[in-house]
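J.: Starting off with a structure, shown below.
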Amino acid sequence: MAFIEQRSRQVTVMQAQLTEFLHPETGARHLHLATDDAEMAFLVAFPTVPHSSDGRAHILEHLALCGSARFPVRDPFFAMLRRSVSTFMNAMTYPDRTVYPFASTDKADFFNLLDIYLDAAFFPKLDYLDFLQEGWRHTFEQGKLGYGGVVFNEMKGAFADPMRALNQGLSEVLFRDTTYAVESGGDPLDIPSLTLEDLRAFHASHYHPSQAVFMTAGRVDPREVQQVIAERVLSRLGGREPRMRPELAMPFAAPQETTVRVPSAAAGEDEYGIQFAWLCGERIDIAAYCRMHLLDAGLIGDASAPVMRAMESAGYGRPSAFNGLDPGSRQMVFHLGMEGLTQSQTKTAGKRIWSALEEAAETGVPREMLEAALRDFRFSQRQIKGGHTPYGLRKLLHALPLEMVGGDAIDALDLEPYLQRIEQELEDPDFFKAQVRALLASTSRLTATVVPDANYFALRDQAEQERLAASQASLSAEEIAAIERDCAALLQRQRTPSDNSILPRIKPQDVSPLPPASYQLPPDDGRVLALPVASNGISSVRVIYDLSAFPPDDWAWLSLYGDLLPDLGVGRQTFDQASAWRQKLAASFKVQYDADEPLTMTDTTPRLRQRIVFSAENLREGQGDMAGMLAESIRHARFDESERIAFLIDSAAQDLLQGIAEDGNQYASLVADAPYSLTRQFQHTTDGVGAIGFYRWLAEEIESDEGLDAICRRLAQLHERVLAAPVQILALGLPGDVTALARHIDGLIPATSPAAAEPGVSIPLPPPASSALTAPAQVNHCFATWAVPRMGHEDAPALYVLANLLTNQVLHQALREEGGAYGGRARYDFSAGLFGMLSYRDPRVAGTYADFARAIEWVIDSPLNREHIEEAIIGVIGDLDKPQSPVEEALSAWRRRERGVTQSMRESFRAGVLGCTEAGLKNVANTWLANSVPSRAAFVGNPSQDLGDLAVVELLATPAGANPMR
């Protein structure tokens, strides 16, 4: 029986058509979003509603991609990553659903992947050894029982995030007795209770066509997709079961209180918090959803909003990073709270928030604030976003939650009917005040005291070790032998080459020898560039100051300057007045400070080109207001609000220090890269370990009036120097708008001196690192980096292919399958001239670095299979050809021109990739890796483990203002 079309509707805001189909026999649903997008997207999703924290939904997601009935190879998902030109492949587990999405611009590739994904989801092998590898297993090391497994270690790393712990602590109470109360990803303390039989039963009950939602987007024929679904799945799985949905939480009869402990490196006396959480209506009530967004914007949307103003002006603490509306569950949750408090301040802070709510219920907020929130809704609906997830797939993932719980997917794609209704409701001056009164009166409110716990990881480790010790003490000789046999069998299978010949693949001869057509830039007149793009009615401006002449002593200060400026006053407006003014006139205002090393430099000394970019975006109807706001924000930014600056610095410093464990991979990566790249040395200073020392120094300085005044003066002086730097203006928008926009902003930005002929400063780089950066955590992140040629060098294409080859043929097996890390790969950055190997959420350190070394030996000493080389080539082509949003495509073309990347260079690079040979790969490995010393840095959760010869650097002991590299 075929799918039957149910209805078809225009999604005007997307210039798309949404058609819904139903398979009558099973109840399977298919939604197709027809667009002109070159990327064809697909997903299949299932409701997954576990009631334990053993990670069954998450581990099932991993196992489903480890081989299936038609494709019984060891790892078809990772194999297809290198046999496909897909623009996206993944699988995701949410608290109430599991999704298997992919996208490709090639029709043959799309249907290849469709075959793989359908068989993986509906007919997985669910093999015992895969369960041991991906889920959890017992191990024996030096006679001691332990745990291994990819998901087990992944979730150990996930638990480093204090916000995750806070969310889970709140959900356990708010959503008691529902699937949302458990840890859907799996708690490492509970994961070892899961059995393979549990997993198979969960698959049988949840992964059935009657539960499935299929979605497609782009220029693909939905009937062709349905024919494949019918042949591959529906012909084999019949019957119809009631649709599973996550349970609704019971409303509270009276407000409740709880205490939530979160991981903290130091558990300082000012790391407590207070958090209110309200259980609100269902997400499928779109009118309620829109009203809740307006409530969010009106209470905390900017510095002028009443609750935000109350929290920021308290003189203690800061607004919680958890604040705002969370619509991710079947029932929405609204959060308000403060962090950075002493224990005694938590109740005072709670009363302050409550008083601000009561005041908002009495006086309301300016209507302009709510109208700006409606404008932002329309902006987000129109905006074509690029990034890692393709635009069409992003829209499907946004619509999916509604479809899964009985809502209407089009309500997620086009809110206009509801926004028009809300506009009418705004005519009532009591509208907003009534929303706040309802919040105050709700009994479904949870008040949580947030307690920092420096022993959070130690206590979890202790609980794990106690369980292991008890298990080991009870094991019989036969059980010990069975564990050892399982580990040996798993290792043998991991080291047995997989025959992937049954899997389809795209070959190098199947792809174009030329790069995709590039956006054609107009001539550059040196100051103003108007870039017409198909922006779907969004206009944007970037005002770019060239700061290449600014010395390294300014780098951290310029980063601070860019971070602070959007939250400060303008002209005679105070910071809160300026915040409301910006919000009224534009949907987005940002300041970004970055740097690169152009390829056009001819000398041997690395030189850095630095830019600070002021940008704004808005609906085309408001582009004039946006341009005026941007110009005023640039020209008249004020740095005399010392209390505001102190508050912002203190908040940033506390966030940075409390997020060390979560951001450990970033710190280690930059320490490893910095000795071989001026760009990475810059990033190390502004966003890496150097920033820790700088912010600790700032936090000390703002404690005195003299120190704070000096900071304000330095920022004000820096601002004057920025405004005197060479400037360029980019305007992007619809062809009929962009010229007028460019002309308008040009008249608002004062002329400065012309750009320098050569980009600026050069500095000596530090020696290679050999560091173990330590802070409390449960996993590690390991990095090794080599200096290699950049794009334009004859070896660059082979280095890119080599990174893919090493990832596919060595590192994935060694680091993930055998080593238990969540991820591991090689990478090549042809713009910075860096080749690296890394692992992520890794239980090992010394063993991982030994695997890095063995990977180089392997590629030099072993014969290389031509099919594996071709797979690596296809992986590179997939990276190079990934489509971008229209705006990002234009900006990428501009950035290439600025860096000196010509069309000839792109064509030569692509030809080098497609023509890569075994000899070429061995040559670059021998020339650039085997005979060079890598720079190595690891973030290490436990310094007592085997670190090899890495020197320990305690991140929390970083001296204020210091910039340690070794």
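J.: Restricting the first residue to segment 255-278 and requiring it to be closer than 26 Å to I300 by Cα and at pLDDT 95 or above, which pairs with a second residue that is among the charged types (D, E, K, R) and part of a loop (DSSP other than H, G, I, E, B) meet a Cβ separation below 6 Å and a spacing of at least six or different chains?
T.: Once the first residue is closer than 26 Å to I300 by Cα and at pLDDT 95 or above and sits in segment 255-278, no partner that is among the charged types (D, E, K, R) and part of a loop (DSSP other than H, G, I, E, B) comes close enough.
J.: Return the residues of segment 433-468 that are in contact (Cβ under 8 Å) with a residue 12 or more places away in the chain and over 29 Å from M163 (Cα atoms); say none if nothing qualifies.
T.: Passing the criteria: only K433.
J.: When G364 is evaluated against the numbered criteria (1) in contact (Cβ under 8 Å) with a residue 40 or more places away in the chain; (2) within 33 Å of the chain's Cα centre (by Cα), which criterion, by number, is the only one it fails?
T.: Among (1) in contact (Cβ under 8 Å) with a residue 40 or more places away in the chain; (2) within 33 Å of the chain's Cα centre (by Cα), the lone unmet condition for G364 is (2).
J.: Could you check how many residues of segment 385-413 are touching a Phe, Trp or Tyr at 6+ places or on another chain (Cβ under 7 Å) and surrounded by fewer than 20 Cβ atoms within 10 Å (Cβ to Cβ)?
T.: Within segment 385-413, the subset touching a Phe, Trp or Tyr at 6+ places or on another chain (Cβ under 7 Å) is 385, 389-390, 393.
Retained after the next criterion (residues that are surrounded by fewer than 20 Cβ atoms within 10 Å (Cβ to Cβ)): 385, 389.
Of the residues in that region, 2 qualify.
J.: If I ask for residues that are free of Cβ contacts under 8 Å to residues at least 60 places away in the same chain and either under 19 Å from A814 (Cα atoms) or not in a helix (DSSP H, G or I) (or both), which ones from segment 469-495 would you list?
T.: Of everything in segment 469-495, those that are free of Cβ contacts under 8 Å to residues at least 60 places away in the same chain and either under 19 Å from A814 (Cα atoms) or not in a helix (DSSP H, G or I) (or both) turn out to be S476, A488, Q492.
J.: State which residue is modelled with the highest pLDDT when the search covers only segment 67-106 and only residues that are surrounded by fewer than 23 Cβ atoms within 10 Å (Cβ to Cβ), over 22 Å from K125 (Cα atoms) and hydroxyl-bearing (S, T, Y).
T.: Filtering first and then ranking leaves Y94.
J.: Quick check, is Q778 over 27 Å from G688 (Cα atoms), of a type in the set (S, T, N, Q) and crowded, with 20+ Cβ neighbours inside 10 Å? Give the steps one after another, and end with the answer.
T.: On the way: over 27 Å from G688 (Cα atoms): no; of a type in the set (S, T, N, Q): yes; crowded, with 20+ Cβ neighbours inside 10 Å: yes.
No: the conditions fail for Q778.
J.: A follow-up question, please. Any chance you could count how many residues in segment 497-509 are in a loop (DSSP other than H, G, I, E, B) and in contact (Cβ under 8 Å) with a residue 60 or more places away in the chain? So that I can check it myself, show each step before the final result.
T.: Just the residues of segment 497-509 that are in a loop (DSSP other than H, G, I, E, B), to begin with: 497-507.
Among the residues that remain, those that are also in contact (Cβ under 8 Å) with a residue 60 or more places away in the chain are: 498-500, 502-507.
Residues that pass the stated criteria total 9.
J.: Checking L521 against (1) farther than 30 Å from I877 by Cα; (2) in contact with a helix residue (DSSP H, G or I) (Cβ under 6 Å, 6 or more places away or on another chain); (3) hydrophobic (A, V, I, L, M, F, W, C), only one condition comes out false. Which one?
T.: (1)
J.: Any residue at all in segment 750-761 that's assigned to a loop (DSSP other than H, G, I, E, B) and at pLDDT 95 or above? Spell out how you get there, then give the answer.
T.: From segment 750-761, those assigned to a loop (DSSP other than H, G, I, E, B) are 750-761; that's our starting set.
The next check asks that each one be at pLDDT 95 or above; those that pass are none.
There is no residue in segment 750-761 that is assigned to a loop (DSSP other than H, G, I, E, B) and at pLDDT 95 or above.
J.: Working only within segment 387-411, note down all residues that are under 20 Å from L325 (Cβ atoms) and in contact with a Lys or Arg (Cβ under 8 Å, 6 or more places away or on another chain).
T.: Scanning segment 387-411 gives R394, L400, P401, L402, M404, V405, G407.
J.: For segment 174-194, enumerate the residues that are buried (at least 18 other Cβ atoms within 10 Å of the Cβ) and over 27 Å from the mean Cα position of the chain (by Cα).
T.: Residues satisfying the conditions are T178, P192, L194.
J.: Something else: Identify all residues within segment 328-367 that are surrounded by fewer than 20 Cβ atoms within 10 Å (Cβ to Cβ), not in a helix (DSSP H, G or I) and not small (G, A, S); write none if there are none.
T.: Passing the criteria: T342, Q343, P366.
J.: I'd like to know if segment 283-294 contains one or more residues that are part of a loop (DSSP other than H, G, I, E, B), out of contact with any helix residue (DSSP H, G or I) (no Cβ under 8 Å at 6 or more places or on another chain), surrounded by 18 or more Cβ atoms within 10 Å (Cβ to Cβ) and outside the structural domain of A45 (by TED's automatic domain parsing). Give the derivation first.
T.: If we filter segment 283-294 for residues that are part of a loop (DSSP other than H, G, I, E, B), which is where we start, we get 283-285.
Of the ones still in play, those that are also out of contact with any helix residue (DSSP H, G or I) (no Cβ under 8 Å at 6 or more places or on another chain) are 285.
Subset that is surrounded by 18 or more Cβ atoms within 10 Å (Cβ to Cβ): none.
Among the residues of segment 283-294, not one is part of a loop (DSSP other than H, G, I, E, B), out of contact with any helix residue (DSSP H, G or I) (no Cβ under 8 Å at 6 or more places or on another chain), surrounded by 18 or more Cβ atoms within 10 Å (Cβ to Cβ) and outside the structural domain of A45 (by TED's automatic domain parsing), which makes the answer no.
J.: Which members of segment 229-282 meet the condition of being under 29 Å from the mean Cα position of the chain (by Cα) and among the charged types (D, E, K, R)?
T.: Answer for segment 229-282, where residues must be under 29 Å from the mean Cα position of the chain (by Cα) and among the charged types (D, E, K, R): R245, E247, R261, D270, E271, E282.
J.: Let me ask another. For segment 841-862, what are the residues that are in contact with a strand residue (DSSP E or B) (Cβ under 6 Å, 6 or more places away or on another chain) and either of a type outside the set (V, I, T) or part of a helix (DSSP H, G or I) (or both)? Give the derivation first.
T.: Keep residues of segment 841-862 that are in contact with a strand residue (DSSP E or B) (Cβ under 6 Å, 6 or more places away or on another chain), which gives 842, 845, 848, 852.
Of everything in segment 841-862, those that are in contact with a strand residue (DSSP E or B) (Cβ under 6 Å, 6 or more places away or on another chain) and either of a type outside the set (V, I, T) or part of a helix (DSSP H, G or I) (or both) turn out to be D842, T848, F852.
J.: So D177 clears everything in (1) in a loop (DSSP other than H, G, I, E, B); (2) touching a helix residue (DSSP H, G or I) at 6+ places or on another chain (Cβ under 9 Å) except one condition, right? Which one?
T.: (2)
Here is a yes/no grid of residues against (1) among the polar types (S, T, N, Q); (2) within 21 Å of R895 (Cα to Cα); (3) buried (at least 19 other Cβ atoms within 10 Å of the Cβ):
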| site | (1), (2), (3) |
| --- | --- |
| N500 | yes, no, yes |
| D510 | no, no, no |
| R542 | no, yes, yes |
| L565 | no, no, yes |
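J.: Farther than 30 Å from F252 by Cβ, among the small types (G, A, S) and either in a helix (DSSP H, G or I) or without any contact (Cβ under 8 Å) to a residue 12 or more places away in the chain (or both), is that true of A399?
T.: Yes.
J.: Hey, among the residues in segment 624-671 that are among the polar types (S, T, N, Q) and buried (at least 20 other Cβ atoms within 10 Å of the Cβ), which one's nearest to the chain's Cα centre (by Cα)? Before you say what the answer is, go through the steps one by one.
T.: First, pick out the residues of segment 624-671 that are among the polar types (S, T, N, Q): 633, 642, 651, 654, 658, 665-666, 669.
From what is left, the residues that are buried (at least 20 other Cβ atoms within 10 Å of the Cβ) are 633, 658, 665, 669.
Details: S633: 29, Q658: 19, N665: 13, S669: 16 Å.
Residue satisfying both the conditions and the ranking: N665.
J.: Sort out which residues of segment 652-683 are touching a Pro at 6+ places or on another chain (Cβ under 9 Å) and farther than 27 Å from L166 by Cα, and write them in order of number. Let's see the steps before the verdict.
T.: At the first step, the residues of segment 652-683 found to be touching a Pro at 6+ places or on another chain (Cβ under 9 Å) are 658-662, 671-672, 674-679, 681-682.
Across segment 652-683, the qualifying residues are V671, A672, A674, P675, Y676, S677, L678, T679, Q681, F682.
J.: Also, quick follow-up: Being part of a loop (DSSP other than H, G, I, E, B) and free of Cβ contacts under 8 Å to residues at least 40 places away in the same chain is the filter here; which residues of segment 522-577 pass it?
T.: Here is the first cut: in segment 522-577, the ones part of a loop (DSSP other than H, G, I, E, B) are 522-527, 533-537, 547-551, 568-569, 571-572, 574.
The answer is P522, P523, D525, R572.
J.: Just for segment 195-219: of the residues that are within 24 Å of K395 (Cβ to Cβ) and not small (G, A, S), which one is surrounded by the fewest Cβ atoms within 10 Å (Cβ to Cβ)? Talk me through it step by step, then tell me what you get.
T.: First, pick out the residues of segment 195-219 that are within 24 Å of K395 (Cβ to Cβ): 209, 211-219.
If we keep only those that are not small (G, A, S) too, we end up with 209, 211, 213-216, 219.
Working: P209: 24, Q211: 24, V213: 22, F214: 24, M215: 26, T216: 26, R219: 14.
Out of the qualifying residues, it is R219.
J.: Give the residue that is nearest to Y207 (Cα to Cα), with candidates limited to residues of segment 35-44 that are at pLDDT 95 or above and touching a Ser or Thr at 6+ places or on another chain (Cβ under 7 Å).
T.: Filtering segment 35-44 for residues that are at pLDDT 95 or above and touching a Ser or Thr at 6+ places or on another chain (Cβ under 7 Å), the one nearest to Y207 (Cα to Cα) comes out as F42.
J.: Let me ask something else. Could you please let me know if V233 is in a strand (DSSP E or B), in contact with a Pro (Cβ under 8 Å, 6 or more places away or on another chain), among the β-branched types (V, I, T) and in contact (Cβ under 8 Å) with a residue 24 or more places away in the chain?
T.: Values: in a strand (DSSP E or B): no; in contact with a Pro (Cβ under 8 Å, 6 or more places away or on another chain): yes; among the β-branched types (V, I, T): yes; in contact (Cβ under 8 Å) with a residue 24 or more places away in the chain: yes.
Here the answer is no, as V233 does not meet what is asked.
J.: From T35, T93, grab the single residue that is in contact (Cβ under 8 Å) with a residue 60 or more places away in the chain, among the hydroxyl-bearing types (S, T, Y), closer than 17 Å to V220 by Cβ and touching a helix residue (DSSP H, G or I) at 6+ places or on another chain (Cβ under 9 Å).
T.: Result of the check over T35, T93: T35.
The values are calculated or read from the model by the stated rules, or taken from the named source; none is laboratory data. Computed from a prediction, not measured in an experiment: that's the story for all the values here. Heads up, the Cβs are rebuilt from the backbone with ideal geometry, glycines too, and the neighbour counts pull from every protein chain shown.
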